[in-house]
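What follows is one structure encoded as structure tokens, with my remarks underneath.
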Amino acid sequence: MQKKRIMKIVMYAFLAAFMFVVFFNGSEKEEGTTMEAAAPAQEIKGNQKERAEALAKKYAGTTVTMTVEGIAAGPSNAFGKVFEKATGVKIEVIELPYEETRSKPFTEHEARTGAVDVYRIVPSWVPDFAAAGIIQPMDDLVKKYIPQDAWDDMEKGRLIATMLYEGKVWAICVDGDIFILYYRADIFEDPQAMKQFKAKYGYDLAPPKSWEQYNEIGQFITDFTGGKVYGGAGNRAAGQGYFWFNQIFLGAGGKLFDPDTMKPLINGEIGRQTMQQLKDELKFGPPGMENWGTAELWSGFVDGKVAMQFSWPPSGRFAEAASGLANYPTWLPPTKVAGKIKYALLPGPFKGEGPPAAGIMGNAIWTLSSDSKNKEAAFAWIMWMNSPEMALKTSLYPNSLMDPYRYSQFDSPEYQAAWPNAKMYLETLREAGKYAIPPTKILGGTEFDEIVDRLITSVMGGQDIQSALDDAAKRMDAVVERLGRDRVKASYKALLELQDQIRQAY
Amino acid sequence: MSRPNNVISIAPELKGVGGIKTWARQHQGMLMVLPCLIVMLGVGIFPLIFSVGISLLRWEPKIPGRPFVGLANFRDILISAEYWTAMRTTAIIVVLGVTIEFFFGLGLALLLTEKIKGKRIFMAILMLPVMMVPVVVGYTWRILWHSAYGPINQIIGWFVGHRVTISWLTHTKTAFFALIVTEFWQWTPFMFLVLLAGLSSVNPELGEAAEIDGASKWQSFWRITIPVIRPVILVAVLIRTLEALKIFDIIFIMTGGGPGISTQSIAFYLYRTGARHFRMSHTAAGSLIFLIIVATIISFAVKQFQDKKGG
């Protein structure tokens with residue numbers, strides 16, 4: 001009897017705890033969007049870096065904690081020490097796998113620990129993070145501390161696509177990722193190759209203006225080199241394959257949804273052509289390319305096995321490692337293509353003439369945690385790393401995955417002299433900003449990207465393109481329905497407005 | 001000698017202490033177990049009750065509020081094609097994987113009950129895979145199955161006389177095959193070890209007696225050895241089944257649940273909805289349904305075994 005009574009008491013205690021946790025503690029709390037009293041702006045003078053240092057000095061002795069993807073932690077770790085020395089604010093960097101840089105903020109916010117001040121994320125996560133109250137807008141801080149000239153120094157396409165959402169500044173860009181084409185100039189400018197190509201296709205061997213040309217050039221190079229160098233390659237593996245789909249689909253004018261009804265449009269003609277393109281590239285690509293991720297792509301490229309590839313700007317720097325930039329990652333084979341690489345904008349249309357397209361894909365942006373207890377100190381660290389001086393340093397930093405996004409970086413004599421073709425590299429990256437395509441920066445964006453990722457692996461695994469697209473459209477519709485059609489619609493409208501803003505900016 | 005007055009005044013207190021002591025003595029066993037019970041309830045029962053609570057709400061950070069939705073999450077799971085595809089995938093891996101592991105494990109155990117030269121070294125090598133962390137196994141086999149650089153394709157290439165670039169992990173059938181082979185490689189030694197322990201406990205005199213009575217080796221194995229080691233077989237199969245039902249690491253590393261969602265197990269599905277999409281209530285409901293299904297199957301299997309044992 002006694003034992004039963006004790007068991008009952010214990011069970012009741014646990015049930016009471018459960019009821020408390022679920023129904024009381026779990027209720028929505030007011031989001032911590034208020035900021036501590038900031039120092040008056042007039043006290044902070046100088047350029048952006050100097051202002052950041054002056055602001056941070058007010059919080060000397062505090063620690064700013066940030067999460068960052070392990071592979072990209074180098075600059076934060078190295079320059080965090082410089083920042084601490086200059087300001088007295090300690091920077092603690094938590095290195096996480098890419099997936100966890102997304103899940104950790106959710107769990108931290110649920111627990112309201114306030115343990116992390118800055119989250120390094122990618123733009124397409126902003127709407128979900130904002131909806132969940134994990135991050136907060138930084139408009140007030142930007143207006144107060146970032147000087148206009150430094151703001152205007154940021155390339156407009158990247159600024160609009162990565163930092164803004166629904167009219168507010170939710171993130172600060174520290175990385176100018178944009179997709180451009182990297183190609184083997186030694187093959188493209190080989191007289192034999194040029195002659196044979198012209199004879200076969202009737203136009204000059206040059207960077208492609210359409211995806212049809214891309215395929216023809218790719219096939220030609222694979223045949224011309226006897227398979228020693230494959231014409232082109234790209235990422236198809238689950239995880240990041242959706243960037244390649246988005247680049248082609250959005251670049252060709254595709255829209256993920258009907259903005260009025262939010263009915264998915266991915267299974268339309270542009271979606272079908274995009275999937276067909278991703279499949280067609282396998283014909284002249286390296287064997288097993290259907291399972292290639294970024295590591296395979298960049299390895300193949302620097303190893304001299306791939307003539308054309310489009311991806312993030314570090315590929316251009318890695319290819320030139322032997323030319324003076326001591327920034328070579330240990331996970332790549334030694335480069336064999338230094339001095340042989342040139343750059344171009346990517347095609348937009350599948351056939352014929354049309355404007356080029358440059359996908360803003362997976363940039364590193366730094367966001368301010370709404371639970372941060374050191375918001376101004378955290379913002380000082382963010383704006384310090386975003387300053388023109390630090391942007392140049394980080395984009396030239398050994399093994400950095402931080403790419404140029406400021407006009408001062410594109411124009412920097414130091415950068416332009418980093419390797420023989422560096423000027424062309426920077427000019428192409430700058431030009432790409434005019435044709436910038438924002439990523440899937442909508443509520444549920446991460447789920448839509450994952451659906452596209454699975455669509456690609458399904459087709460690579462042998463599923464019929466149309467049925468895979470129809471499945472993807474159904475899944476997307478289910479996500480829209482679950483998250484609320486009107487909410488996602490408003491979010492999608494904001495994304496389309498970003499695209500319009502970029503067009504208007506140029 | 002008269003008793004001091006203060007003794008009288010503290011008497012009830014002493015009585016109280018004595019009462020607690022007596023009570024404690026009487027319930028000594030219960031008190032000893034209590035800390036352990038509290039920890040077990042805290043880490044085992046409480047999360048279960050908590051997830052039942054979550055499953056009745058709509059808890060998803062991307063959607064404002066956490067309203068009570070009753071059984072709506074369970075209904076969503078029951079009509080989710082993706083959930084049942086994951087269930088089917090898990091079932092295929094469990095049935096095929098555990099069956100193959102069982103027969104190979106039993107075969108190896110039977111082989112090694114005999115006196116064989118180098119038996120100890122062989123056993124030590126055989127035990128290595130089971131000691132490896134599944135994530136390491138996943139990465140190792142991912143390289144082995146790699147279409148361009150993987151040794152498996154290279155070895156096949158030697159036999160067929162030309163370069164082979166089978167993309168094992170990107171096609172549904174070959175991906176399943178690769179997963180089951182990887183599972184087989186890692187877990188057959190476990191099955192072997194448990195069954196070897198069972199076989200070692202079989203009294204050899206039973207076999208000798210059967211032989212004298214004219215039983216063939218097969219009859220002796222089927223009628224004597226198997227019934228004797230039946231409890232061990234049940235334990236080995238149950239442990240492996242329970243473990244295989246939770247398969248996650250190898251799928252996460254090798255196929256990412258793909259192509260599409262074709263190799264996505266239940267554990268992987270729940271990870272995606274919970275840790276990637278933060279659909280906390282949906283994930284809780286999915287976990288509970290899975291728990292009910294697994295508990296029913298396991299209870300049925302144990303009951304079947306007990307009935308046979310009793311009969």
Starting at the first residue of segment A:343-350, write each ³J(HN,Hα) from the Karplus equation 6.51 cos²θ - 1.76 cosθ + 1.60 with θ = phi - 60°, in whole Hz, x for Gly and Pro. 9, 8, 6, 7, x, x, x, 6
If we count other beta carbons within 10 Å of each Cβ, what is the order of B:R163, B:R276, A:R317, fewest first? B:R163, B:R276, A:R317
Only bridges with both residues in the protein assembly as shown count here: give the DSSP antiparallel percent, nearest 5. 60
If one compares the long axis through the Cα atoms of helix A:269-284 with the longest principal axis of the Cα atoms of chain A, the angle in degrees, nearest 10, works out at 60
Quick one: what are the phi-derived ³J(HN,Hα) couplings along segment A:212-220, Karplus 6.51/-1.76/1.60 with θ = phi - 60°, whole Hz, x for glycine and proline? 5, 5, 4, 5, 5, 5, x, 5, 4
Spacing of the two label points (7 Å from each Cα toward its C-beta) at B:L238 and A:M194, in nm: 7.7
Where does each of A:51-57, B:149-155 land if you order them by average Cβ count within 10 Å, highest first? A:51-57, B:149-155
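On average over all directions, what projected area in square nanometres does chain A have, based on the convex hull of its Cα atoms? Write out the running numbers ahead of the final one.
Working: hull surface 112.1 nm².
Averaging across all directions leaves 28.0 nm² for the Cα convex hull.
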Taking Cα pairs closer than 8 Å and at least 6 residues apart, the relative contact order of chain A in percent is 24
Over segment B:76-310, what is the mean sequence separation of C-alpha contacts under 8 Å (at least six apart), divided by residue count, expressed as relative contact order in percent? 30
Arrange the peptides A:110-120, B:125-135 so that the one whose residues have, on average, the most other Cβ atoms within 10 Å appears first. A:110-120, B:125-135
Please give the helix A:2-20 orientation as an angle from the longest Cα principal axis of chain A, in degrees from 0 to 90, rounded to the nearest 10. 60
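Given R₀ = 25 Å, FRET efficiency for B:R88-A:E99 by Cβ-Cβ distance, to 0.05?
Numbers: r = 26 Å, r/R0 = 1.02.
Efficiency, from the Cβ-Cβ distance: 0.45.
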Within chain B, which whole H helices from DSSP have a Cα span along their axis of at least 24 Å and a mean Kyte-Doolittle hydropathy of 1.6 or more, if any? B:226-245
Just the Kirkwood number for segment B:76-310, please: inverse of mean 1/r across all distinct Cα pairs, in Å, one decimal. 20.0
Hey, fewest Cβ within 10 Å first, where do B:I261, B:I156, B:I20, B:I253 land in order? B:I20, B:I156, B:I253, B:I261
Per-peptide average of other Cβ atoms within 10 Å, ordering A:145-156, B:279-290, B:166-177 highest first: B:279-290, B:166-177, A:145-156
Whose amide H sits under 5 Å from the amide H of A:L346, counting only residues 5 or more places off or on another chain, with H placed in the peptide plane? A:L181, A:A357
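Counting partner chain Cβ atoms within 10 Å of every residue's Cβ in B:162-170, what's the average?
On the way: counts 0, 1, 1, 4, 2, 9, 2, 7, 12.
Per residue, the number of nearby Cβ atoms from other chains is 4 on average.
Evaluate peptide A:98-109: per residue, the Cβ atoms of other protein chains within 10 Å of its Cβ; return the mean as an integer. It would help to have the intermediate numbers written out before the result.
On the way: counts 0, 4, 1, 0, 3, 5, 0, 1, 7, 3, 0, 1.
The per-residue average across the peptide is 2.
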Within 10 Å of the Cβ of an average residue in A:164-177, the count of other chain Cβ atoms is 0
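If you look for lysine pairs in segment A:273-414 that are eight or more places apart or on different chains, how many of them have Cα atoms under 21 Å apart? Don't jump to the answer; show the numbers that get you there.
Numbers: A:K279/A:K305; A:K279/A:K351; A:K283/A:K305; A:K283/A:K351; A:K305/A:K336; A:K305/A:K340; A:K305/A:K342.
Count of close lysine pairs: 7.
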HN-Hα couplings for segment A:401-418 via Karplus (6.51, -1.76, 1.60; θ = phi - 60°), in whole Hz with x for Gly/Pro, come out as 9, 9, 9, x, 9, 10, 4, 5, 6, 4, 8, 5, x, 4, 5, 5, 9, 5
Out of residues 5 or more away from A:F257 or on other chains, whose amide H comes under 5 Å of its own, with H placed 1.01 Å from N in the peptide plane? A:L265
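Run lengths n ≥ 4 of DSSP H only: what is the helix-derived mean residue ellipticity at 222 nm for the protein assembly as shown, with -39500 (n - 2.57) per run over all residues, to the nearest 500?
Working: 38 runs with 473 residues, N = 817.
Here the helix-only value at 222 nm equals -18000 deg cm²/dmol.
Please order B:C36, A:C173 by the number of other Cβ within 10 Å, starting at the fewest. Please report the intermediate quantities before stating the final value.
Numbers: B:C36 9, A:C173 24.
Result, fewest neighbours first: B:C36, A:C173.
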List the relative contact order of segment A:202-265 as a percent without decimals, with contacts defined as Cα pairs under 8 Å and 6+ residues apart. 14
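All of the numbers you see were taken from the coordinates with simple rules; none came from a lab. Because the structure is predicted, anything quoted here is derived from the model rather than measured. Glycine gets a Cβ as well: all are built from the backbone with ideal geometry, and neighbour counts include every protein chain shown.
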